[in-house]
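*Asks:* The structure under discussion is supplied below as structure tokens; questions concerning it will follow.
The values are calculated or read from the model by the stated rules, or taken from the named source; none is laboratory data. Values in this document were obtained by computation on a predicted structure and should not be read as measured data. Cβ atoms come from the backbone with ideal geometry, glycine included; neighbour counts cover every protein chain shown. Calculation scope for accessible area: heavy atoms of the full protein, side chains included, ligands and nucleic acids excluded. Shrake-Rupley method; radii C 1.70, N 1.55, O 1.52, S 1.80 Å.
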Amino acid sequence: AGFVKDAHARPLKDVEVTVDGTVFYARSINDGSFEIPIAGYHFGDRITLVTTHPKYEDKIKEFNIESGEIDKIEFILNPLKQH
């Protein structure tokens, strides 16, 4: 579980957050929050989360699973540069 925001701390909705290499993903809602239930992982496993949105740069974060829940994941996205 976590949040997606822009550099001004405004929540971003409709950002896809994917567990890289798996079918697990979620989209952020109006308050920027998301939650991805992932099955089949164990303590000590490493996962990579990737954000995707057409107006913002992708971000990647890696985590070790150390408990039953990883919470307070925060992504701060930068807008794509306009040409």
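*Asks:* Counting only pairs 8 or more residues apart or on different chains, how many lysine pairs in the chain have their Cα atoms under 14 Å apart?
*Replies:* Within the chain, the lysine pair count is 7.
*Asks:* Something else about it: How high is the relative contact order of the chain, given as a whole-number percent (alpha carbon pairs under 8 Å, six or more residues apart)?
*Replies:* Averaging sequence separation for qualifying contacts and normalising by length gives 34 percent for the chain.
*Asks:* For the chain, which span is the longest to avoid every loop-located (per DSSP) member of GluC sites (Glu not before Pro) having at most 14 other Cβ atoms inside 10 Å?
*Replies:* Between exposed loop sites, the widest span is 1-34.
*Asks:* Suppose accessible area is computed on protein heavy atoms with a 1.4 Å probe; arrange Leu80, Leu12 from highest to lowest.
*Replies:* From most exposed to least exposed: Leu80, Leu12.
*Asks:* From the protein chains alone at 1.4 Å, what is the descending order of accessible area for Tyr56, Tyr25, Tyr41, largest first?
*Replies:* Tyr25, Tyr41, Tyr56
*Asks:* Let me ask something additional. Counting DSSP beta bridges in the chain, what percent are antiparallel, to the nearest 5?
*Replies:* Of those bridges, close to 75 percent are antiparallel.
*Asks:* Still on this structure: Taking a probe of 1.4 Å, how large is the accessible area per residue of the chain, in Å²?
*Replies:* On the way: 5740 Å² over 83 residues.
Result: 69 Å² per residue.
*Asks:* Which residue, Gly32, Gly40, Gly21, tops the fluctuation ranking in a GNM of the chain built on C-alpha contacts under 10 Å?
*Replies:* Its mean-square fluctuation being the largest, the pick is Gly40.
*Asks:* Give me the percent of Cα-Cα pairs in the chain that sit more than 21 Å apart, rounded to a whole number. Please report the intermediate quantities before stating the final value.
*Replies:* On the way: 875 of 3403 pairs.
The proportion of pairs with Cα distances above 21 Å equals 26 percent.
*Asks:* Roughly how many Å² of His8 are accessible to a 1.4 Å probe, to the nearest 10?
*Replies:* Number for this one is 140 Å².
*Asks:* Of the accessible area of the chain, with the probe set at 1.4 angstrom, what percent is carbon plus sulfur?
*Replies:* Of all accessible area on the chain, carbon and sulfur atoms account for 51 percent.
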